[in-house]
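Each remark here refers to the structure printed beneath this line.
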Amino acid sequence: MAGPIQTNERIILYDIIRGFALCGIFLVNIPSMLGSDWMFGRPDYYGSDLFIRTLFDLFVQTKFYTIFSLLFGIGFSIFLERSYARGESVSRYIRRILILFLFGLAHLAIWSGDILHTYAMWGLLLPLFYKLSNRAILTWAWGLLIGSILLLYGTSALNEWSMGGSYYGGIPFPDVFNQGFGAWFDYRYSVEIFNAFSNSFVVGFEILSLFLFGLYIGRERKLLTWRLEGLTRTAIICAVLALPFFGVIIWHHYGEGYPYFWLNLFAVLISGKLLATTYVCLFTIAVRKGRTFAPLQALGRMALTNYLTHTLIVFVPVIALGAYGTLSLTEGLFLSIAILIVQSIFSMWWLKNHRYGPFEKLWRLGTYGRQTKSS
């Protein structure tokens, strides 16, 4: 009989959802890692690439960093709760965040799409909110989320609509990516690093809002005790509310809506929040009914390791071979699926003999010191 999730099941649930989110994040990232989104500036997709790009916008884009951010908020809330229960100050939490920031900096030095440094920068603020009331936390969360969406996307989409559409040509293809590591590093440190940090501040308000939602969910154990009827109803409502935005996305890609670039982004963003909620509810229901999703669970337990490994096994070889922008979106999709399958198999094998993934163990060691027992 399905009921509230117990402590051991709770960890399984979070790992499964985190593994699922990791898969989606890789699908979103791999076009940038391979350069398939750079092939024509703002790509003019055709055939299977157009179909896959549409599917990505409908079911993948913005959905999974939303889930990942919620899970980080939940994880931070659990960490803070346990620290305060042991009578510790917030210093260990800050140390954990600073280590995450160092991981992010190292990753950012290689690939501009790193999210860890952004999580660390904004995660430092969470202790300021931890002891607020639930109402205050949700007020801040909704305010930051709605404000960031309207300011960053809503105003641009509205302005674009008033002009009858606009043309966004994208950023010129970076030929330097295929000129060897030396030229690529020069470009990274003169252009991309600055842009990445600037973007971290721009998107940070949305990220912080998602952290706060996760903080509330983790503190109140919402996913652990919410009735199945409530989860099912929420999943259906959010999926139905996403349908009009799906219509905008399809119109943009297959109808006369191509000039409405910002309107499509707005639709992708709003549908992302709604569908992310649906995904989380559905997985929670499935786990409450006894499903274990072993491959996703293993991916989630080693999410940090698997996330960082994506860059090492995809982006670095592409730069080394001078192959940036040579694979299509379709080819990238099949490659990412193959890599995720291999990673899930490796993760399950690794976790048979180790409690943590390599980078997870390093993160834990930096947080607690060598006195912590780990296998």
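The values are calculated or read from the model by the stated rules, or taken from the named source; none is laboratory data. Please read these numbers as outputs of a predicted model, since none were measured by experiment. Please note: Cβ atoms are built from the backbone with ideal geometry, for glycine as well, and neighbour counts cover all protein chains shown.
If we keep just the residues of the stretch 237-255 that are without any contact (Cβ under 8 Å) to a residue 24 or more places away in the chain and surrounded by fewer than 19 Cβ atoms within 10 Å (Cβ to Cβ), which is farthest from MET163 (Cα to Cα)?
Ranking the qualifying residues of the stretch 237-255, first place goes to ILE237.
Could you grab me the full set of residues in the stretch 272-283 that are more than 16 Å from the chain's Cα centre (by Cα) and surrounded by fewer than 23 Cβ atoms within 10 Å (Cβ to Cβ)?
The one that is more than 16 Å from the chain's Cα centre (by Cα) and surrounded by fewer than 23 Cβ atoms within 10 Å (Cβ to Cβ): LEU282.
Is it fair to say TYR258 is surrounded by 14 or more Cβ atoms within 10 Å (Cβ to Cβ), of a type in the set (Ser, Thr, Tyr) and not in a helix (DSSP H, G or I)? Give the steps one after another, and end with the answer.
Values: surrounded by 14 or more Cβ atoms within 10 Å (Cβ to Cβ): yes; of a type in the set (Ser, Thr, Tyr): yes; not in a helix (DSSP H, G or I): yes.
Yes: the conditions hold for TYR258.
Are there any pairs, at least 6 apart or on different chains, whose C-beta atoms fall under 6 Å, with the first in the stretch 292-318 and without any contact (Cβ under 8 Å) to a residue 60 or more places away in the chain and the second buried (at least 18 other Cβ atoms within 10 Å of the Cβ) and not hydrophobic (A, V, I, L, M, F, W, C), and if so, which?
Final answer for the pair search is MET302/SER347; MET302/GLY357; THR305/GLY357.
Tell me, yes or no, whether the stretch 76-97 has at least one residue that is within 18 Å of the chain's Cα centre (by Cα), farther than 19 Å from ALA21 by Cα and either surrounded by fewer than 19 Cβ atoms within 10 Å (Cβ to Cβ) or β-branched (Val, Ile, Thr) (or both).
Yes, some residue in the stretch 76-97 is within 18 Å of the chain's Cα centre (by Cα), farther than 19 Å from ALA21 by Cα and either surrounded by fewer than 19 Cβ atoms within 10 Å (Cβ to Cβ) or β-branched (Val, Ile, Thr) (or both).
Can you go through PHE181, PHE185, PHE173 and tell me which one is outside any helix (DSSP H, G or I), more than 21 Å from the chain's Cα centre (by Cα) and of a type outside the set (S, T, N, Q)? Steps first, please.
On the way: PHE181 fails: outside any helix (DSSP H, G or I); PHE185 fails: outside any helix (DSSP H, G or I).
Exactly one of PHE181, PHE185, PHE173 is outside any helix (DSSP H, G or I), more than 21 Å from the chain's Cα centre (by Cα) and of a type outside the set (S, T, N, Q), namely PHE173.
Can you list the helices (runs of 4 or more DSSP H) lying wholly within the stretch 293-354 that have 3 or more residues being under 20 Å from LEU13 (Cβ atoms) and more than 18 Å from the chain's Cα centre (by Cα)? Let's see the steps before the verdict.
Values: elements: 294-301, 303-310, 316-321, 329-351.
Result: 329-351.
Go through (1) among the charged types (D, E, K, R); (2) more than 25 Å from ALA106 (Cβ to Cβ); (3) surrounded by 15 or more Cβ atoms within 10 Å (Cβ to Cβ) and name the single condition LYS361 misses.
Checking LYS361 against (1) among the charged types (D, E, K, R); (2) more than 25 Å from ALA106 (Cβ to Cβ); (3) surrounded by 15 or more Cβ atoms within 10 Å (Cβ to Cβ), the one that fails is (2).
Can you name the residue in the stretch 175-228 that is touching a Pro at 6+ places or on another chain (Cβ under 7 Å) and of a type in the set (Ser, Thr, Tyr) and is also nearest to LEU108 (Cα to Cα) among such residues?
Per the stated criteria, the residue is TYR187.
Looking at GLY165, is it at pLDDT 90 or above and surrounded by 12 or more Cβ atoms within 10 Å (Cβ to Cβ)?
no
Just a yes or no: is a residue in the stretch 39-61 surrounded by 15 or more Cβ atoms within 10 Å (Cβ to Cβ), outside any helix (DSSP H, G or I) and at pLDDT 90 or above?
yes
In the stretch 315-346, which residues are in contact with a Ser or Thr (Cβ under 8 Å, 6 or more places away or on another chain) and surrounded by 21 or more Cβ atoms within 10 Å (Cβ to Cβ)?
LEU329, GLY332, GLN343
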